[in-house]
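Here the structure is laid out as structure tokens; the discussion comes afterwards.
What follows is calculated from the coordinates using simple rules that are stated; it is not laboratory data. Keep in mind it's a predicted model, so treat the numbers as computed, not measured. Heads up, the Cβs are rebuilt from the backbone with ideal geometry, glycines too, and the neighbour counts pull from every protein chain shown.
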Amino acid sequence: MDAISYQRAPDIGAALAAASQPGTMFIGGGTNLLDLMKGGVMRPMRLVDITHIDGLNGITALPDGGLRLGALVRNSDAANHAWVRERYPLLSQALLAGASAQLRNMATVGGNLMQRTRCAYFYDTGFPQCNKRSPGSGCAAIDGNNRMHAILGASRQCIATNPSDMSVALAALDAVVRVAGPNGERTIPFAEFHRLPGDRPELDTTLHAGELITSVDLPPPLFAAHSKYLKVRDRASYAFALVSVAAALQMDGNTVKSARIALGGVAHKPWRANATERALVGQSLDKATLQNAAALAVQGAQPQRDNAFKIVLAQRAIVRAVQQAGGVA
Ligand SMILES: Cc1cc2nc3c(=O)[nH]c(=O)nc-3n(C[C@H](O)[C@H](O)[C@H](O)COP(=O)(O)OP(=O)(O)OC[C@H]3O[C@@H](n4cnc5c(N)ncnc54)[C@H](O)[C@@H]3O)c2cc1C
Ligand code: SF4
């Protein structure tokens, strides 16, 4: 058994000071980190409990009409907050599609963004080959069971997917992640927060060592009337996405004025389908337009042995999500 120390940080400064020690990790709800520690996948020497920091657990209105979600807001509180439900129903739906009620009651906004992949080989230390867990060791999934894995943006080093439902909605909404670190505060556009594996698959995000997520800022709500989070999974609840789609539209009558489409379950990060978005603008939501636009999202997809079905599934899910967002299905 590894010895670990535990401390509660009363404020951001104390959390950052503690995190400057090597081997230190922040702990939020603990719903991912503790599982990883129990399995020996992650072995921090020091845990800094950030859940008692004042000022990071509220949902506040921003002067531009947007909304700030404190990093410590529990997933259930975010999903059920009146402003989130009314102004960002896409986000509320995505949160409620994740995990279970008990887990959502514990999980925090910051922890959700930082949760690790659900690749079974990453979790099972009986498999020595995992570049994400042990850089340079290889990737057991490439020649293994890879039904759940990526079809877009993967590398020979890692084909894992990002498991967060909330992050898919935040990608579509163009959220901004605010962080505090040893060198002060900075903001990270959501599209730049998670990264593709490349030759550094051990890095999931662009967060620097010792940085603390303080909030996620949502821009003014443009899509409340026409949005849909569609999650396709093996079971109706308590299962990660095979493919998910966050679709957000602005409509001018029957014509699409603007579109945001993000996919989950297909890549190492939430995947914005920019070509699909462009193909929808100025069009009506007839089936041929939707199918053509959806096909653009998977151009260049590279399936693994067990997951070619995701190419078809992603297109069908996009069509259905956009139809439902636009009120034509
Ligand atoms: C059985 C099960 C089913 C699940 N199903 C789903 C699902 O369908 N969809 C889904 O999206 N999720 C699912 N989850 C994952 C769940 O959403 C995450 O475990 C949860 O969101 C993590 O939040 P947390 O606060 O508990 O994070 P923790 O476990 O406390 O931390 C996770 C990571 O985030 C870091 N961290 C936490 N807060 C911060 C911060 N403010 N700044 C910087 N780093 C931070 C920690 O150091 C750690 O590395 C499931 C989990 C389980 C156990
Ligand atoms: S896909 Fe990534 S996480 Fe899974 S075994 Fe390969 S390197 Fe590890």
PRE zone check, label point 7 Å out along Cα-to-Cβ of Ala329, amide N under 20 Å, scope the stretch 278-304, hits 278-299
Distribution output for the stretch 227-326: share of Cα-Cα pairs per 5 Å bin in percent, first bin at 0, values 2, 14, 26, 26, 16, 9, 5, 1, 0
The correct pair for the chain, radius of gyration to one decimal and Dmax as a whole number, both in Å and from Cα atoms, is 19.5, 63
Most exposed to least, judged by fewest other Cβ atoms within 10 Å, Asp49, Asp64 sort to Asp64, Asp49
XL table Lys132/Lys228; Lys38/Lys310; Lys231/Lys269; Cα-Cα > 21 Å flagged, in table order, is Lys132/Lys228; Lys38/Lys310
Computed over the chain: longest principal axis from alpha-carbon atoms vs helix 309-326 long axis, angle to nearest 10 degrees, is 70
Only helices counted: for the chain, with every DSSP H run of 4 or more residues adding -39500 (n - 2.57) and the sum spread over all residues, [θ] at 222 nm is -7500 deg cm²/dmol
Mean separation of Cα contacts under 8 Å (at least 6 apart) over the residue count of the stretch 215-293, i.e. the relative contact order in percent, is 21
Between Asp124 and Asp234, the FRET efficiency computed from the C-beta separation at R0 = 25 Å comes out, to the nearest 0.05, as 0.85
Answer in debye to the nearest 20: the dipole magnitude of the stretch 23-146 about its Cα centre, from +1 Lys/Arg and -1 Asp/Glu charges placed on Cβ, is 160
Relative contact order as a percentage, the stretch 5-49, C-alpha pairs under 8 Å and 6+ apart, gives 56
Arg43 and Arg147 label points (each 7 Å along its Cα→Cβ direction) are spaced in nm at 3.3
Expressed in angstrom, Rg and Dmax over the Cα atoms of the stretch 153-201 are 12.9, 36
Kirkwood Rh over alpha-carbon pairs of the stretch 5-49 plugged into Stokes-Einstein at 20 °C, 1.002 mPa s gives a D in µm²/s of 200
